Amino acid sequence: MGDVILTMKGIDKSFPGVHALDHVDLEVRKGEVHALMGENGAGKSTLMKVLTGIYSKDSGTITFEGREVEFTNPREAQDAGIVIVHQELNMLGHLTVAQNIFIGREFMKGKFIDDRKMNEEARKLFDQLGIDIDPTETMSRLTVGKQQMCEIAKAISHDAKVIIFDEPSAALTEAEIEELFKIIRDLRERQLGIVYISHRMDEIKVITDRVTVMRDGGYVGTLITKDCTKEDIINMMVGRVIYEDPKTESQVAKDAPVVLKVEHLNAGRMVQDVSFELRKGEILGFSGLMGAGRTETMRALFGADPKQSGDIYVNGEKVDIKSPKDAVRHGIGYLSEDRKRFGIIVDKSVAENSTMATLDEYMKGLFIDKKKENDVAQKYVDILKTKTPGVDQLVVNLSGGNQQKVVIAKWLVRNCDILIFDEPTRGIDVGAKSEIYHLMNELVAEGKSIIMVSSEMTEILRMSDRIVIMCEGRKTGELGIEEATQERIMHAATLRN
Amino acid sequence: MDKIKENAFVKKVGFNSLVLFCILILLYILFAVLVPIVNSDANANFVSWAHILSAMNYACFMGFLSLGVTFVIATGGIDFSIGPVMFCAALIAGYQLTMKEWPLALCLVLCILVGTAFGTLNGLLVTYLGLPSFITSMASMMIAKGLGSVCTKTQPVSWPQLSDASGNGWYRNLVRTQIGDMTFPTGLVILVIGAVICAIILNKTKAGRYILCIGSNREAVRLSGVNTKGWETLAYILCGTLAGIAAIFYVGVYTTVQPGLGDTFNNEAIAGCVMGGTSMTGGVASIGGTLIGVLIMALLQEGIMTMGLQINYQYIITGLIVLVVVYADLRSRRRRN
């Protein structure tokens with residue numbers, strides 16, 4: 001490791017209602033690979049966005065190559081030599097590799113683009129990095145791994161001094177990861193500073209020199225990788241005090257009937273051989289890091305996305321779920337993690353949203369029985385204590401928590417016995433949050449069963465009777481609430497295969 | 001503004017529809033004043049029953065086209081085939097009537113069925129194959145044009161006159177009916193009845209509810225367990241059927257149909273619909289608005305012709321109005337989000 005090239009000190013950033021970064025420090029040296037770790041929402045991405053000028057910081061200093069800097073956009077950061085290789089690649093699929101690399105700064109021959117020169121330059125770049133890619137190939141024909149190599153080459157061509165890899169290995173095969181590591185080691189040799197964001201413990205141990213851990217927007221500490229164990233890192237990641245009382249024991253009888261059984265569910269890369277059971281009156285938590293495949297599992301189960309294989313049993317009976325219509329018919333309701341896109345219809349009224357899944361029951365002959373519809377909508381506004389001036393109010397005018405209640409009302413009107421709550425409290429303020437928790441507890445007390453997908457550890461530990469943990473499309477653990485701890489959950493959530 | 005909001009009548013009819021209605025009246029007054037100034041011809045008096053009747057001719061077949069396409073636009077789609085489909089229906093049914101001597105009633109039914117068939121085709125292609133509605137309806141527009149020509153061996157078809165010896169001319173009474181000395185715009189009455197039925201379908205039935213909701217957020221409706229493909233297809237079927245009905249009124253006005261034409265009516269029908277406050281992005285539609293939009297278009301056409309100007313001026317004005325209306329709609333949406 002060489003001299004310090006980048007120092008972020010006391011970085012503070014608040015968004016309305018959220019203290020996203022609380023005096024975070026990060027130091028990167030020349031010729032080191034520095035891991036940045038933390039749970040979902042720990043603030044890693046926010047920190048990198050502050051660094052590259054996507055967000056402005058509230059306080060703190062960024063020193064780069066000995067000078068204090070403040071970038072106002074990623075372009076400035078890039079010009080200075082700080083480049084991010086994103087998880088989602090920003091490539092134009094129909095252009096060639098060389099055209100992508102030199103986009104925005106094409107070589108010109110008079111008024112025309114000089115493709116030949118760009119191909120030559122790209123080839124030189126690849127040779128230098130030891131990458132075997134044809135610069136004239138169309139980008140979309142490359143594998144994800146090769147595309148990522150192109151991103152790296154592009155970064156190098158910008159004369160980058162610090163490269164940030166944001167979960168680079170998430171979409172790669174083993175062989176591609178090996179190749180990636182080879183390149184990263186090569187970059188390290190050349191005295192570049194590298195920030196490596198990943199959830200994969202084993203990779204961290206293999207490729208990085210130091211680890212900085214963040215938790216809940218705060219800086220926890222920096223360790224030398226070879227001197228610490230996986231457990232040390234996990235403890236730093238999850239070692240928070242849980243304020244709300246976690247559930248200590250499940251009230252659900254061990255022999256409660258199984259209302260939903262999923263066996264060997266497969267749906268693409270994100271859902272591989274997932275099996276679990278849901279018992280009557282139970283809240284089954286689904287924990288895992290971003291991209292663990294939890295939402296994908298739920299969507300496949302609900303029929304929202306096609307599945308390749310797998311059996312689903314509702315109340316012991318095998319059911320064939322091909323579309324959400326089938327799932328709803330079997331009494332399954334799904335509250336999506338993206339309320340505005342998949343849950344509510346914002347420019348329609350509370351009443352219209354409430355009966356969306358049940359309209360057949362609110363017909364008088366050919367016509368919608370508006371009075372009956374309003375009555376049932378009002379009933380659930382009262383039960384759920386939804387704050388709305390009336391049932392004809394457009395949902396767009398309600399707050400996040402109340403919008404969520406309208407979605408819940410939709411499934412309660414349908415009288416669904418199995419409810420899938422995907423991130424039920426995302427984007428909801430604290431008060432409304434505890435109301436939703438209270439409501440979920442009431443629902444299971446009435447004999448309904450809930451699957452709760454959540455990225456918040458506290459929420460998982462507070463609400464669940466049992467916890468299924470997923471990592472990269474596979475189920476990697478299952479814990480009763482009695483035996484569940486943050487450490488054990490995080491251990492399973494970072495377990496690759 | 002608050003006062004207007006509280007008024008139950010305004011709420012029921014919709015603020016936009018009222019504004020549109022005022023524009024319609026103002027436009028009429030404008031033409032009443034302008035026509036005598038611009039055109040010194042003695043016959044050029046705009047305030048006459050004859051001009052109203054003439055405007056209504058155009059309004060009644062255009063109205064059915066616009067009503068139909070309102071359903072499709074409400075789902076967030078578009079149908080560019082309605083004009084040629086109307087012509088295709090009139091050609092095929094007219095050919096059967098005049099050359100094959102099918103009974104008139106059967107030919108009128110055939111007219112509607114041809115429209116329904118095209119609507120169904122469009123709907124199935126858009127929903128079940130996932131083709132973009134723009135492209136799909138462009139393609140079926142070409143098919144409709146070609147099919148109409150093929151079926152009539154590229155000859156124009158003339159539906160019988162009212163006085164025709166066969167007695168097959170009575171369908172023309174659907175457009176205007178002679179009662180003594182008085183000519184009655186039957187077509188307009190039927191159009192209004194049609195609009196009322198469409199408004200009931202759109203606002204009071206399950207089909208209308210789902211069509212509007214699909215236009216707002218298709219995925220949320222699908223994830224509520226609704227057969228979105230089926231309901232969306234229905235919107236196209238309704239649109240095609242109404243184009244078939246429009247064909248009856250078209251021949252009721254002009255009797256003669258030329259093969260290979262009809263595209264201009266697409267744009268005018270869609271313009272009427274958009275002018276009436278139906279959002280091109282779907283989810284918001286007003287049947288009353290569409291009806292008034294069509295009447296405005298009809299009035300524009302009649303007024304400009306009476307002024308002695310070319311029909312091309314109508315196109316220019318309509319184009320400008322559509323741009324303004326769509327921009328206003330876009331802005332109000334952006335503000336809301």
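The values are calculated or read from the model by the stated rules, or taken from the named source; none is laboratory data. From a predicted model like this one, the values you see are computed outputs, not experimental measurements. Please note: Cβ atoms are built from the backbone with ideal geometry, for glycine as well, and neighbour counts cover all protein chains shown.
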(request) Among residues belonging to region B:151-170 that are part of a loop (DSSP other than H, G, I, E, B) and of a type in the set (A, V, I, L, M, F, W, C), point out the one that is modelled with the highest pLDDT. (result) B:Trp159
(request) Determine whether region A:240-249 contains at least one residue that is in contact (Cβ under 8 Å) with a residue 40 or more places away in the chain and of a type in the set (Val, Ile, Thr). (result) yes
(request) Run down B:Leu242, B:Leu223, B:Leu234, B:Leu238 and say which single residue is crowded, with 24+ Cβ neighbours inside 10 Å and either within 14 Å of another protein chain (Cβ to nearest Cβ) or free of Cβ contacts under 8 Å to residues at least 12 places away in the same chain (or both). (result) B:Leu223
(request) Assess whether B:Ile214 counts as being in contact (Cβ under 8 Å) with a residue 12 or more places away in the chain, buried (at least 21 other Cβ atoms within 10 Å of the Cβ) and at the interface with chain A (Cβ under 10 Å from one of its Cβ atoms). (result) yes
(message) A:Val376 - would you say it is more than 10 Å from every other protein chain (Cβ to nearest Cβ), of a type outside the set (Phe, Trp, Tyr) and over 19 Å from B:Leu223 (Cα atoms)?
(response) yes
(request) Give the residue, chosen from B:Tyr313, B:Tyr250, B:Tyr254, that is farther than 25 Å from B:Gly115 by Cα and either more than 14 Å from chain A (Cβ to nearest Cβ) or of a type in the set (Phe, Trp, Tyr) (or both). (result) B:Tyr313
(request) Show the residue pairs that are 6+ apart or on different chains and have beta-carbon atoms under 6 Å apart, the first residue being within region A:113-127 and at negative phi, the second being among the aliphatic types (A, V, I, L, M) and in a helix (DSSP H, G or I). (result) A:Met118/A:Ala98; A:Asn119/A:Ala98; A:Ala122/A:Ala98; A:Ala122/A:Ile101; A:Leu125/A:Ala153
(message) Please determine whether any residue of region B:320-329 is of a type in the set (Ser, Thr, Tyr), part of a helix (DSSP H, G or I) and either touching a residue at least 24 places away in the same chain (Cβ under 8 Å) or buried (at least 23 other Cβ atoms within 10 Å of the Cβ) (or both).
(response) no
(request) Determine which single condition B:Ser140 fails, assuming it passes every other condition in (1) surrounded by fewer than 23 Cβ atoms within 10 Å (Cβ to Cβ); (2) touching a residue at least 40 places away in the same chain (Cβ under 8 Å); (3) more than 19 Å from B:Phe249 (Cβ to Cβ). (result) (1)
(request) Among residues belonging to region A:356-367 that are farther than 14 Å from B:Leu212 by Cβ and under 36 Å from the mean Cα position of the chain (by Cα), point out the one that is nearest to the other protein chains (Cβ to nearest Cβ). (result) A:Ala357
(message) Suppose the filter is part of a helix (DSSP H, G or I) and either within 11 Å of chain B (Cβ to nearest Cβ) or of a type in the set (A, V, I, L, M, F, W, C) (or both); does A:Val381 pass it?
(response) yes
(request) Please indicate, with yes or no, whether at least one residue in region A:334-351 is buried (at least 21 other Cβ atoms within 10 Å of the Cβ), of a type outside the set (Phe, Trp, Tyr) and free of Cβ contacts under 8 Å to residues at least 24 places away in the same chain. (result) no
(request) Hey, can you tell me all the residues within region B:245-265 that are among the aromatic types (Phe, Trp, Tyr) and either crowded, with 24+ Cβ neighbours inside 10 Å or on the phi > 0 side of the Ramachandran plot (or both)? (result) B:Phe249, B:Tyr250
(request) Give the number of residues within region A:328-345 that are more than 7 Å from every other protein chain (Cβ to nearest Cβ) and of a type in the set (A, V, I, L, M). (result) 2
(request) Can you work out which of the residues in region A:248-280 that are hydroxyl-bearing (Ser, Thr, Tyr) and under 22 Å from A:Glu459 (Cα atoms) is surrounded by the fewest Cβ atoms within 10 Å (Cβ to Cβ)? (result) A:Thr248
(message) Can you tell me which residue is farthest from A:Glu352 (Cα to Cα) among those in region B:188-211 that are part of a helix (DSSP H, G or I), at the interface with chain A (Cβ under 10 Å from one of its Cβ atoms) and out of contact with any helix residue (DSSP H, G or I) (no Cβ under 7 Å at 6 or more places or on another chain)?
(response) B:Ile200
(message) Being touching an Asp or Glu at 6+ places or on another chain (Cβ under 7 Å) and on the phi < 0 side of the Ramachandran plot narrows it down to one residue among A:Ile164, A:Ile156, A:Ile183, A:Ile197; which is it?
(response) A:Ile197
(request) Hey, can you tell me all the residues within region B:111-136 that are without any contact (Cβ under 8 Å) to a residue 60 or more places away in the chain and within 19 Å of the chain's Cα centre (by Cα)? (result) B:Phe134
(message) Taking the criterion of being part of a helix (DSSP H, G or I), within 11 Å of chain A (Cβ to nearest Cβ), among the charged types (D, E, K, R) and out of contact with any Phe, Trp or Tyr (no Cβ under 8 Å at 6 or more places or on another chain), would at least one residue in region B:260-270 satisfy it?
(response) no
(message) Given the options A:Phe286, A:Phe302, name the one that is within 13 Å of another protein chain (Cβ to nearest Cβ) and either within 30 Å of A:Glu478 (Cβ to Cβ) or touching a His at 6+ places or on another chain (Cβ under 9 Å) (or both).
(response) A:Phe302
(request) Filter region A:385-406 down to residues that are at negative phi and of a type in the set (D, E, K, R) and give me whichever is surrounded by the most Cβ atoms within 10 Å (Cβ to Cβ). (result) A:Lys405
